[in-house]
Every structure is written in structure tokens, then in C-alpha cells.
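The values are calculated or read from the model by the stated rules, or taken from the named source; none is laboratory data. Values in this document were obtained by computation on a predicted structure and should not be read as measured data. Cβ atoms come from the backbone with ideal geometry, glycine included; neighbour counts cover every protein chain shown.
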Amino acid sequence: MDNIFTRLDKFGLADVPKDKPNIFDFELDMQGEKGGGALREEGAAPFDIENYVYVKQFNCPVCEKSFTTKAIKESKLRVMSVEFDLHPVCHPIDPNFYDVVICPNCGYAAVKDFFKNITSRQADMILADITPNYIAQNYPDRLDVDMAIERYELALLNSMVKNARNGEKAYICLKLMWFYRIKGDVDNQRLFAELTLKGFSAALIKDDLPIMGLNGDTITYLLGALYMLLDSKNSALKFLSDVVISKTASARLKDRARDLKNNMR
Ligand SMILES: [Zn+2]
């Protein structure tokens with residue numbers, strides 16, 4: 001939206017659309033069951049975060065206390081599109097914002113599916129280096145991108161303290177890269193793209209796959225996409241070509257890799 005009206009600067013109107021962010025005040029139903037393209041029904045209920053969250057209980061593997069947190073009903077979301085680096089653009093909220101679980105008692109934080117995966121030695125590291133300093137924060141049910149970033153950065157710090165595997169750290173950096181793009185922060189997007197690239201390159205060689213549902217072909221594709229983002233064309237083409245000729249990659253992933261290669265030319 002920001003770029004559409006920059007030409008109106010000469011009329012002194014460049015700032016006006018900021019008060020009117022939407023050209024159309026409705027959403028297109030791109031993935032409707034009957035073929036899509038339909039407008040959302042008139043009189044549809046206004047957005048209420050309570051319709052998309054539920055209470056989930058966790059037992060903290062570090063301090064052994066239990067706590068509850070809000071989790072997202074992902075089945076209620078619609079995937080509108082998937083960006084070149086596999087960021088799913090969802091409606092009406094981005095479920096990735098909500099994927100970090102934080103223990104309010106000890107400050108242990110991790111991506112939900114990694115939360116239980118911690119050895120007693122790693123738990124001791126969290127208790128020694130995180131817990132004594134940790135000040136719990138309250139969050140509303142609906143998180144904005146800055147809250148998501150601070151929660152993921154806490155998870156990233158925890159992953160460093162507990163010497164997590166490359167793949168876990170890379171996965172957190174991937175999400176942070178997406179969030180900084182949402183914010184329009186190009187420098188930090190680049191920074192986290194480099195970190196993700198580093199982490200997944202090492203994970204591909206050393207870690208057990210898949211990592212959070214990402215198999216070797218998907219990670220290879222991501223490396224190609226990240227090299228492209230970072231303007232390393234030769235490396236990007238190499239990894240994307242690896243996906244295209246892979247015997248195990250899905251047809252869909254191969255199509256994506258081909259499209260990205262064509263876009264680069
Ligand atoms: Zn805890």
C-alpha cells in the first residue's frame with residue numbers, strides 16, 4: 001500500500017492514504033470451497049481473536065511447574081498465498097506469531113514443537129543463565145509483529161544458552177526474517193536471512209532431518225531462496241537446480257524452484 005500513492009506527493013496528498021489504508025474494505029475469499037473468488041458474506045462477524053485461540057496447558061521441562069498459554073486454532077485460518085521463502089500468508093492472523101511458548105515461572109522459551117525436547121543438562125543451563133534474570137511479561141491474546149519478534153528473540157537466546165542444534169536455531173531465525181520483512185526492516189531481514197542460511201547449511205550436514213517438518217529437499221530449496229534474497233545468484237541457482245533434479249522432492253516444490261530460477265533470469 002505504501003508505494004501505490006507515492007506519485008501523489010506532487011499533489012500534496014502522499015500522506016492522506018495512511019488514514020485510509022484499504023482501497024476496498026472487504027476481503028476476497030481466495031480459497032473458498034466452491035472454487036474461490038467469492039466475496040465474504042455480508043454481515044460476517046467482525047474479527048475477534050477469541051474465535052481463533054484456545055487455552056493450552058504446558059508442563060515446563062525446566063522448572064517442572066505447569067502453566068497455561070493461548071494457542072491458535074490453525075484450522076480456522078486460510079492460507080492466502082505462500083511467499084518465495086515459504087512464508088505462508090494467512091488470513092486473518094499470522095499463526096507464526098504465536099508459535100513460541102514461554103514459561104512464566106523460569107523464562108524458558110522455545111518454539112512449541114521443540115518445547116519438550118530438552119535434556120536435564122540443558123535445563124540446568126537455562127536455570128543458571130536465564131531464570132535468575134528473567135522478568136515475566138504479560139501479552140494480550142492478539143500479538144503484533146513486535147511482540148512476536150521479542151518472543152522469538154527470547155527463544156533464540158534460550159536456544160543459544162542450551163546449545164541447541166543448528167536446525168532449531170535456524171528455524172527461529174527463519175521466522176524472525178519473515179517478521180522483519182513484515183515490518184519493512186530490510187537490514188534485519190538480511191541479517192536473519194544470513195543467520196538462517198548459516199544454520200540450515202550446517203543442519204543439512206549434521207542434524208537429523210526433518211526439522212520441524214522441513215525435509216532435506218525443502219531446506220535445500222530454502223537455501224536457494226535465501227541466497228537469491230542475498231543476491232548470491234550462482235549459489236541460488238545451484239541449490240534450486242538441486243531441488244529440480246532431486247529424486248525425492250515433490251512436484252510442487254520442484255515447480256517452485258523452477259519458478260524462482262526463471263524469475264532470477
Ligand atoms: Zn519453567
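Quick rundown of the values:
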{"item": "Selection from region 148-198 of residues that are among the aliphatic types (A, V, I, L, M) and part of a loop (DSSP other than H, G, I, E, B)", "result": "ALA164"}
{"item": "Residue match in region 150-172 (condition: of a type in the set (A, V, I, L, M, F, W, C) and touching a residue at least 60 places away in the same chain (Cβ under 8 Å))", "result": "yes"}
{"item": "Region 127-142, residues that are in contact with a strand residue (DSSP E or B) (Cβ under 9 Å, 6 or more places away or on another chain) and either at pLDDT 95 or above or of a type outside the set (D, E, K, R) (or both)", "result": "ILE130, ALA136, GLN137, TYR139"}
{"item": "Residue ranges of helices (runs of 4 or more DSSP H) in region 209-265 with at least 1 members without any contact (Cβ under 8 Å) to a residue 24 or more places away in the chain and not aliphatic (A, V, I, L, M)", "result": "233-245, 251-264"}
{"item": "Criterion: surrounded by 15 or more Cβ atoms within 10 Å (Cβ to Cβ) and not assigned by TED's automatic domain parsing to the domain that holds ILE93 - qualifying residue of PHE200, PHE239", "result": "PHE239"}
{"item": "Output for region 160-179, where each listed residue is of a type in the set (S, T, N, Q) and either modelled with pLDDT of 95 or more or over 17 Å from ALA109 (Cβ atoms) (or both)", "result": "ASN166"}
{"item": "Positions within region 228-262 being of a type in the set (S, T, N, Q) and more than 23 Å from LEU191 (Cα to Cα), in sequence order", "result": "SER241, SER246, THR248, SER250, ASN262"}
{"item": "Output for region 214-234, where each listed residue is over 21 Å from the mean Cα position of the chain (by Cα) and either crowded, with 17+ Cβ neighbours inside 10 Å or among the charged types (D, E, K, R) (or both)", "result": "ASP231, LYS233"}
{"item": "Any hit, region 145-152, residues being within 13 Å of the ligand (Cβ to nearest atom) and surrounded by fewer than 19 Cβ atoms within 10 Å (Cβ to Cβ)", "result": "no"}
{"item": "Extreme residue, surrounded by the most Cβ atoms within 10 Å (Cβ to Cβ), among residues of region 101-122 that are within 9 Å of the ligand (Cβ to nearest atom) and over 24 Å from the mean Cα position of the chain (by Cα)", "result": "CYS106"}
{"item": "Matching entry among TYR139, TYR180 (being surrounded by fewer than 18 Cβ atoms within 10 Å (Cβ to Cβ), out of contact with any Cys (no Cβ under 7 Å at 6 or more places or on another chain) and hydroxyl-bearing (Ser, Thr, Tyr))", "result": "TYR139"}
{"item": "Residue that is surrounded by the most Cβ atoms within 10 Å (Cβ to Cβ) [pool: residues in region 62-81 that are away from the ligand (no atom under 16 Å from the Cβ) and part of a strand (DSSP E or B)]", "result": "ILE72"}
